[in-house]
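Peer 1: Attaching a single structure in structure tokens format; questions to follow.
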Amino acid sequence: MPDFQQIFGQPPQTEASAPGRVNLLGEHTDYNDGFVLPTAIPQRTTVQLSLSNDSQHHFYSQELDQKVSISEKHPTTEGFASYILGCIRVLETAGYTIPPLNLYVNSSVPMGSGLSSSAALEVATLRGLRKLLNLNIDDIQIAQFGQQAEIQYAGVQCGIMDQMASSLADTNSMLFLDTRTLERRVLPFPAGAEILAIDSGVPRTLAGSGYNQRRAECEEAAKLLKVKALRDIADPQAVEILPEPLRRRARHVVTENNRVLEVLQGVSAIRFGELMNASHASLRDDYEVSVPALDTLVAMLQETPGVFGARLTGAGFGGACVALVEEGKADAIASNILTRYENTGNKGHILVPEIP
Ligand code: GLA
């Protein structure tokens, strides 16, 4: 693959990177002002940058082998470039001046699996711009600008979890985040356990429209319950007065927030696994964001010895699942499951631990 010099005819002036994330618990809670518990994954997105010699922005993606130039005449774009341009536009709206740039992306974060390749690209881009232009912005602002870029320029009404995880989490711990106050706590993984993430091989086709629809349903439910957001309800009984499907949507959010808060009290790997299993059932039955292939994969994981618990992770509608397994057993469990999963006519692959 061509490098920066070959694409842009000059060496890069700086570079920055950011990881993808896997969410362990607290799904579809962030846009309800609720609680989440992601961790960073080893796969990262790296951007290299320099000032461009002309009046245009030039972006290159190594994975797609695609170069995109943005001029005054064609000020918009799509695909990978829209996330980068979105970050630039959000900074400009906040009053920063961004000169024409060359920007080269390469990434080991899988795209379309629900591990936040877009947040990794946004956070890496914003970190790169901070470095190149000496911008006075902190890691939380980077997450907030990244989220704005995603909402305004990629069209997903997402919460703040992915960008906060990419900007602040590491791979050795879990990041508890209160998405209303942005209060954070770094928690150790449950003792004796490690993370396994597997891609179901089913692309997240409905993710955009289904996601925005769920968000609208939650806002409607909060309105009917006369609270600012569903985060303000702690008792699952309180949602029983809602009409369907709002009742089930709200019940997922309320019970999911309670599951995350239970972890905050300190739980064993066994209990953590039970909470993950309950989360999957809730996402499948109440929130209706699972698909049959994910249910199959999760069920296979849940019945395998050495697995504490498993659930879909990310927005759902396809993509990946995550399991908490006995330390040192992730690889063996994954290869066993993947063979069985293939017999059902699907092809999955292991995402975490990263295969070198
Ligand atoms: C996507 C969004 C996040 C979050 C999850 C679901 O990853 O970007 O903000 O809502 O879905 O938990």
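The values are calculated or read from the model by the stated rules, or taken from the named source; none is laboratory data. Keep in mind that this is a model prediction, so the values were computed, not measured. Glycine also receives a Cβ, built like all others from the backbone with ideal geometry; neighbour counts cover every protein chain displayed.
Peer 1: Could you say whether any residue in the stretch 205-220 is outside any helix (DSSP H, G or I), of a type in the set (A, V, I, L, M) and under 18 Å from the mean Cα position of the chain (by Cα)?
Peer 2: yes
Peer 1: Here's a follow-up. Mind checking which strands (runs of 3 or more DSSP E) fall wholly inside the stretch 1-93 and carry at least 3 residues that are under 27 Å from the mean Cα position of the chain (by Cα) and either surrounded by fewer than 17 Cβ atoms within 10 Å (Cβ to Cβ) or within 16 Å of the ligand (Cβ to nearest atom) (or both)?
Peer 2: 14-23, 38-51
Peer 1: Here's another thing I want to ask about it. Would you confirm whether any residue within the stretch 188-205 is at pLDDT below 95 and within 13 Å of the ligand (Cβ to nearest atom)?
Peer 2: Looking for residues that are at pLDDT below 95 and within 13 Å of the ligand (Cβ to nearest atom), one finds at least one in the stretch 188-205, hence yes.
Peer 1: Something else: What number of residues within the stretch 125-138 satisfy the criterion of being buried (at least 16 other Cβ atoms within 10 Å of the Cβ) and over 21 Å from residue 61 (Cα atoms)?
Peer 2: Result for the stretch 125-138: 3.
Peer 1: For residues in the stretch 186-204 being under 18 Å from the mean Cα position of the chain (by Cα) and farther than 20 Å from residue 333 by Cβ, which is surrounded by the fewest Cβ atoms within 10 Å (Cβ to Cβ)?
Peer 2: 186
Peer 1: Of all residues in the stretch 297-318, which are within 22 Å of the chain's Cα centre (by Cα) and either over 24 Å from residue 162 (Cβ atoms) or hydroxyl-bearing (Ser, Thr, Tyr) (or both)?
Peer 2: Within the stretch 297-318, 313 is the sole residue that qualifies.
Peer 1: Moving on. Hey, can you tell me all the residues within the stretch 282-309 that are of a type in the set (S, T, N, Q) and surrounded by 20 or more Cβ atoms within 10 Å (Cβ to Cβ)?
Peer 2: Correct list: 282, 290.
Yes or no, residue by residue, for (1) part of a strand (DSSP E or B); (2) within 14 Å of the ligand (Cβ to nearest atom); (3) hydrophobic (A, V, I, L, M, F, W, C):
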residue	(1), (2), (3)
279	no, yes, no
290	no, yes, no
297	no, no, yes
308	yes, no, yes
316	no, yes, no
322	yes, yes, yes
